[in-house]
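A short write-up of the structure that comes next.
The values are calculated or read from the model by the stated rules, or taken from the named source; none is laboratory data. Just so you know, these numbers come straight off a predicted model, no measurement behind them. When we count neighbours, we look across all protein chains shown, and the Cβ atoms used for this are built from the backbone with ideal geometry, even at glycine.
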Amino acid sequence: MTWLLRTAYICCVAAIASCGNQQQQMQNFNAYGGTHRTNNFEVNGTFTASFTFTEKARLTKDDKTTKLPGAIALPVPASFSTSYIATADGFVVRVTDKIVQWRSKLDSNALVAAALCGDQSDNVYAVATDGAVYAFAADGKRRWKTPIFPTDVVYSNPLLVNDGLVVACSNGQIAKLSTNGKTLWQYRSTLAPTKTLAEDEQDNIIVLLSHDTPGATDTVLALANTNGAVRWKRAVPNVRLLYSPACANGLIFAVGLLDSSTVRIPVLCAFKPDGTPVWRKDLLVTPTGIAVNGSMVVVAGTKLGIASPVAAVMAFSPQGKELWRKGFENMQVVSVPMISKEIIGVVGIQEKASGIYYLKHDGTFSSVFSISDMPPMLLQPVVDYDGNMVFAMTEELGTVRIGRSPAQKLLPY
C-alpha cells in the first residue's frame, strides 16, 4: 500500500507538470470564492478530512531550527505544494514543498493589510499599511509598487478581475489598477466600504458602504468595471451592512443588522441587478458571511448573550424561502460558510475546542473534524483548486491543509 501511494503521488506530480491540470496554472485567485465572493467551491470537489498536511516552512532542506514569523493575512494556495504567504515581519513569501523559495520585503515597516490575491501568470498582489499596492512575480522580483491610499485607514481585500485589481479603504476611496500598476480610475464616497468587494454577473463592482453609527442609512453601490462610473446606488434604511456582498443567481446578497425600536436584528437581504430590494429575512444569529450556489443561500453565525453562545447555519432558497436551519449549543462560528459539491463547512469553537463542522446540503449534520491540536493559525481557511481547506499558521511560517492529497484523488477508493 505504501508503494502504491508513493507511485500514485509521483504519477500525480507528473500529471500536474504536463497536462494542464488545474493545479498547474493558477486562475485568478480571490479569497471568499472568486470575484463573485460566493464561497462556492463545488467545482473543486467535496470537502473531506481524510488527510492533514502540516507544512512548517524552512529556509533550506537542512535548516530545521530557524523559526520564521507566521501569517497575518489570508494566503494564496497556488498549487497543492505551493502557497504565497504574507508574514508578520513585512515579507511576502513563496513556499514550495516546505522550503522558502523566496522572501520579498515590503518597504520600510509596511505590513500586508488584507488578503493576498494572485493571477493566472503566477503574480501575487498585496495591499499594505503604507497605503501602497505591491505586485510580485513568480520569481519573487517586485514588479511594481503603486502608492494610492493614506496610511491611517482600514484596507479592503483586493478584488482581482480579468483586467485589473480593484482596491478600497475606509476613507471611502475606491480605485482600479491595471495589472501593471497604473491607476485606471478612482471613486470617492463619504461612507466606508466594507472589508470585501465583489463583481456581479454584469461585471459591475459591488460595494457595500456603511456608517459607523447605528440607525443610519447604508448604501449598496455598483460601479462600472470599465471606468468606475456609478451604475446605480440603493439606500438600505436602518440596516448596518456587514462584511461582503455575494453575487449569484441574478441577485446580490448582503447581510446586516436592522435597527428596530429596541434591538438590532440580523438580516439577510437580496437585491436585483439594478439594486432594487427583492426580499429580506430575519436571522437567528449575527452572520459571519454568505455562501451561495444555484439552489440555496447559506449564512452562518453566532448569537452571543449572558448565557452560552449559540451558533446556527441557515439556508434559504434564492427566492427567500427558509429551507433548513441547524443549531449548535455553546459554539461560536468563526469563519464564513463554505459550500463544496456535497458538503457545507464552517469553522467553529466550542469552549476551548475548535473544529471544522460539516453539514450535508440538506442541513443534516455530517461530522466534525478537530483542529484543536493544530499549530496556531488563522481560523478562516482559503480553499485550493482540489477542494482542500488551507489554513495559514500565525506563530510560525507554514500552512495546514485539510482534505485529500493528490495521490488519494487518483485512487479508486
(message) Is it the case, given these coordinates, that residue 31 is small (Gly, Ala, Ser), under 20 Å from the mean Cα position of the chain (by Cα) and within 25 Å of residue 373 (Cβ to Cβ)?
(response) no
(request) Considering each of 151, 66, 52 in turn, give the residue that is over 30 Å from residue 248 (Cβ atoms), β-branched (Val, Ile, Thr), in a strand (DSSP E or B) and out of contact with any helix residue (DSSP H, G or I) (no Cβ under 9 Å at 6 or more places or on another chain). (result) 52
(request) Kindly indicate whether residue 145 is loosely packed, with under 15 Cβ neighbours inside 10 Å and either in contact with a Phe, Trp or Tyr (Cβ under 8 Å, 6 or more places away or on another chain) or farther than 15 Å from residue 113 by Cβ (or both). (result) no
(request) Return the pairs, sorted by first residue and then second, in which the second residue is polar (S, T, N, Q) and assigned to a loop (DSSP other than H, G, I, E, B), the first residue lies in the range 75-91 and is more than 15 Å from residue 391 (Cβ to Cβ), the beta carbons are less than 6 Å apart, and the residues are 6+ apart or on different chains. (result) 79/23
(request) Filter the range 269-311 down to residues that are among the β-branched types (Val, Ile, Thr), farther than 15 Å from residue 357 by Cβ and part of a loop (DSSP other than H, G, I, E, B) and give me whichever is farthest from the chain's Cα centre (by Cα). (result) 306
(message) Given the criteria surrounded by 17 or more Cβ atoms within 10 Å (Cβ to Cβ) and small (Gly, Ala, Ser), does residue 250 qualify?
(response) no
(request) Among the residues of the range 303-339, count how many are more than 19 Å from residue 249 (Cα to Cα), surrounded by fewer than 21 Cβ atoms within 10 Å (Cβ to Cβ) and either free of Cβ contacts under 8 Å to residues at least 12 places away in the same chain or β-branched (Val, Ile, Thr) (or both). (result) 5
(message) What's the number of the only condition in (1) surrounded by fewer than 18 Cβ atoms within 10 Å (Cβ to Cβ); (2) within 23 Å of the chain's Cα centre (by Cα); (3) hydrophobic (A, V, I, L, M, F, W, C) that residue 106 fails to meet?
(response) (1)
(message) If I ask for residues that are at pLDDT 95 or above and of a type in the set (A, V, I, L, M), which ones from the range 242-284 would you list?
(response) 246, 248, 251, 252, 254, 255, 267, 268, 270, 278, 283
(request) State all residues of the range 389-399 that are under 16 Å from the mean Cα position of the chain (by Cα) and either modelled with pLDDT under 95 or of a type in the set (Val, Ile, Thr) (or both); if no residue qualifies, say none. (result) 390, 399
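So which of 174, 205 ends up being within 27 Å of residue 253 (Cβ to Cβ), in contact with an Asp or Glu (Cβ under 9 Å, 6 or more places away or on another chain) and in contact (Cβ under 8 Å) with a residue 40 or more places away in the chain? Write out each step before concluding.
Numbers: 174 fails: in contact with an Asp or Glu (Cβ under 9 Å, 6 or more places away or on another chain).
None of the others qualify; the one that does is 205.
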(message) Could you check the range 319-339 and list, in sequence order, the residues that are within 24 Å of the chain's Cα centre (by Cα) and part of a strand (DSSP E or B)?
(response) 325, 326, 327, 328, 332, 333, 338, 339
(message) Give me the residue from the range 340-375 that is in contact (Cβ under 8 Å) with a residue 40 or more places away in the chain, surrounded by fewer than 21 Cβ atoms within 10 Å (Cβ to Cβ) and outside any strand (DSSP E or B) and, out of that set, farthest from the chain's Cα centre (by Cα).
(response) 363
(request) May I ask you to list the residues in the range 230-268 that are outside any strand (DSSP E or B) and free of Cβ contacts under 8 Å to residues at least 24 places away in the same chain? (result) 237, 238, 260, 261, 262, 263
